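S.K.: Please see the structure below; I have some questions.
The values are calculated or read from the model by the stated rules, or taken from the named source; none is laboratory data. The model shown is predicted, which means the values in this text are computed figures rather than measured ones. Glycine also receives a Cβ, built like all others from the backbone with ideal geometry; neighbour counts cover every protein chain displayed. The area values use the complete protein model at the heavy-atom level, side chains included, leaving out ligands, DNA and RNA. Shrake-Rupley method; radii C 1.70, N 1.55, O 1.52, S 1.80 Å.
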Amino acid sequence: MTAPADTANTGDVVDLLIEQHMTIRDLFLQVSASTGDARREAFHELVRMLAVHETAEEQLVHPLARISVHGGGDVVDDRLAEEHDAKQTLAALEQMGPDAAEFDNLLAKFRTDVLQHAHNEETYEFRYLRANVPAAQLRALVPMVTAAEAVAPTHPHPGLESATANTLTGPALSLFDRVKDLARSALGDKRQE
């Protein structure tokens, strides 16, 4: 299991999110290189990491980019469309489980899409946040993002790609997801449901 990003060494929210993108890249490699229980555990961690990461971005980072970056509305709309598609694919991967015959092919395509999404965020959103938002404000977002991730849903929920949707339905979904995760852990469930 990969440890969450160490926010103590993170300068600002952009650093934190880029560090998380690197963790996600590493988790894809772990899933691809593992078998059996190790593969299922790595995939479960990838699902959790992607779910909480995207929720925090949707609640805090994208709204800031929308108002702070020239053309931010279009940039954010493009990222939200990518996130919606990613959540749908991740839900399909989670439903089939890492032992399914078609899992590897779909995971490879999904990995390409997620890494392109991360590149798009870093190129078209994060660098402009750094240029347009005061450094103190970007640093102040780190504990807010960390807090949002701590209570975010741990599984994909396509259709909840806005701050409002995440705020209104996120707490109930988070509770449901976390109970599901506890049951999976307690029962030693080998299938990712």
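S.K.: Condition check: farther than 19 Å from T112 by Cα, among the polar types (S, T, N, Q) and without any contact (Cβ under 8 Å) to a residue 60 or more places away in the chain. Does T35 satisfy that?
M.R.: Spelling it out, T35 is indeed farther than 19 Å from T112 by Cα, among the polar types (S, T, N, Q) and without any contact (Cβ under 8 Å) to a residue 60 or more places away in the chain.
Conditions (1) open to solvent by 40 Å² or more (accessible area, probe 1.4 Å); (2) not small (G, A, S), marked per residue:
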| site | (1), (2) |
| --- | --- |
| L93 | no, yes |
| A101 | yes, no |
| D104 | yes, yes |
| E125 | no, yes |
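S.K.: Using beta carbons and a limit of 7 Å, which pairs, at least six apart or on different chains, have the first residue in region 85-113 and within 20 Å of A38 (Cβ to Cβ) and the second one at pLDDT below 95 and open to solvent by 80 Å² or more (accessible area, probe 1.4 Å)?
M.R.: Pairs found: G97/R191.
S.K.: I'd like the full set of residues that are open to solvent by less than 50 Å² (accessible area, probe 1.4 Å) and over 14 Å from the mean Cα position of the chain (by Cα), limited to region 107-119.
M.R.: Correct list: L107 only.
S.K.: I'd like to verify a number: residues in region 129-151 that are assigned to a helix (DSSP H, G or I) and over 19 Å from L50 (Cβ atoms), how many?
M.R.: 14
S.K.: Can you name the residue in region 80-127 that is in contact with a Leu (Cβ under 9 Å, 6 or more places away or on another chain) and outside any helix (DSSP H, G or I) and is also farthest from P156 (Cα to Cα) among such residues?
M.R.: If we take residues in region 80-127 being in contact with a Leu (Cβ under 9 Å, 6 or more places away or on another chain) and outside any helix (DSSP H, G or I), then A100 is farthest from P156 (Cα to Cα).
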